[in-house]
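Below is one structure, written out as structure tokens; comments come after it.
The values are calculated or read from the model by the stated rules, or taken from the named source; none is laboratory data. Because the structure is predicted, anything quoted here is derived from the model rather than measured. In this analysis, Cβ positions are derived from the backbone assuming ideal geometry, glycine residues included, and neighbour counts consider all displayed protein chains.
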Amino acid sequence: MRLQPSLLPALLPLCLPVGEAARRWRFDPALAADEWWRCWSGSWVHADWRHALFNSAGLLLLAWLGGPGHARLLCWLALLLPCPIALVQLALPHAGPFLGASGVLYGWWAALAWQWRRDGSGWLLALLLLSRLGWQWVWPQTWAGGQAVLWSAHASGALAGLLLAACFSRAARAAPASPPRTSVHS
């Protein structure tokens, strides 16, 4: 049995610090200029184990839905999405610290909706995503330790995931097809 590559980033939240230890790795706008690495690490550390488990479960579900055909895209998104999510938070007037992979999860969700836009499943994923974002915007929720769910990270993750998936699919169409493999013995 071969391990699907997109399962690795889906399990990353379970391998990194949670709780108080995670606070040293979270994204904090006040420290972003000197500690730029927090733009990436903040999306992978979590407030507690429940937070990490829920984000990993969502990422695992999307990795399973995407299957091997979308594993490369999801892995690239896992690497790239944290920085645009953090930069959007920096641009907001009342930016505060954040942690958690839910912005990446929403980016994967949007990317799969984009990849499947030509059939009903893509439109269904997009409708569910927009409904979920709308619900969170109208009725803000709290999460671990009474912290507010950061809707802007979810929305920016979804938008960045959509844009990056569109760029990746455009680049794949523009790349020349590789020549067919031939055997020297044929």
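Descriptive notes on the structure:
- Flag: Gln136 does not match the condition of being loosely packed, with under 13 Cβ neighbours inside 10 Å, of a type outside the set (Gly, Ala, Ser) and more than 30 Å from Gln4 (Cα to Cα).
- From Leu164, Leu80, Leu99, Leu150, residue being in contact (Cβ under 8 Å) with a residue 60 or more places away in the chain and farther than 26 Å from Arg50 by Cα: Leu164
- Scanning segment 12-35 for residues that are part of a helix (DSSP H, G or I) and surrounded by fewer than 13 Cβ atoms within 10 Å (Cβ to Cβ) gives Cys15, Glu20, Ala21.
- Looking only at segment 79-98, residues that are more than 13 Å from Ala155 (Cα to Cα) and touching a strand residue (DSSP E or B) at 6+ places or on another chain (Cβ under 7 Å) come to 2 in all.
- For segment 136-186, taking the residues that are within 25 Å of Leu73 (Cα to Cα) and among the polar types (S, T, N, Q), the one that is modelled with the lowest pLDDT is identified as Ser178.
- Qualifying positions in segment 45-90 - over 17 Å from Ala111 (Cα atoms) and in contact with a Phe, Trp or Tyr (Cβ under 8 Å, 6 or more places away or on another chain): Val45, Ala47, His51, Ala86, Gln89
- Filtered by the rule that a residue be over 14 Å from the mean Cα position of the chain (by Cα), surrounded by fewer than 22 Cβ atoms within 10 Å (Cβ to Cβ) and under 25 Å from Ala148 (Cβ atoms), segment 37-78 gives Trp37, Ala47, Asp48, Trp49, Arg50, Leu53.
- Subset of segment 103-133 (residues that are surrounded by 14 or more Cβ atoms within 10 Å (Cβ to Cβ) and hydroxyl-bearing (Ser, Thr, Tyr)): Tyr106, Ser121
- All positions within segment 118-138 that are within 18 Å of Ser156 (Cβ to Cβ) and aromatic (Phe, Trp, Tyr): Trp135, Trp137
- Scanning segment 109-152 for residues that are of a type in the set (Gly, Ala, Ser) and under 30 Å from Glu20 (Cβ atoms), we see that the one that is nearest to the chain's Cα centre (by Cα) is Ser152.
- Taken across segment 28-37, residues that are touching a residue at least 40 places away in the same chain (Cβ under 8 Å) and among the charged types (D, E, K, R) do occur, with at least one present.
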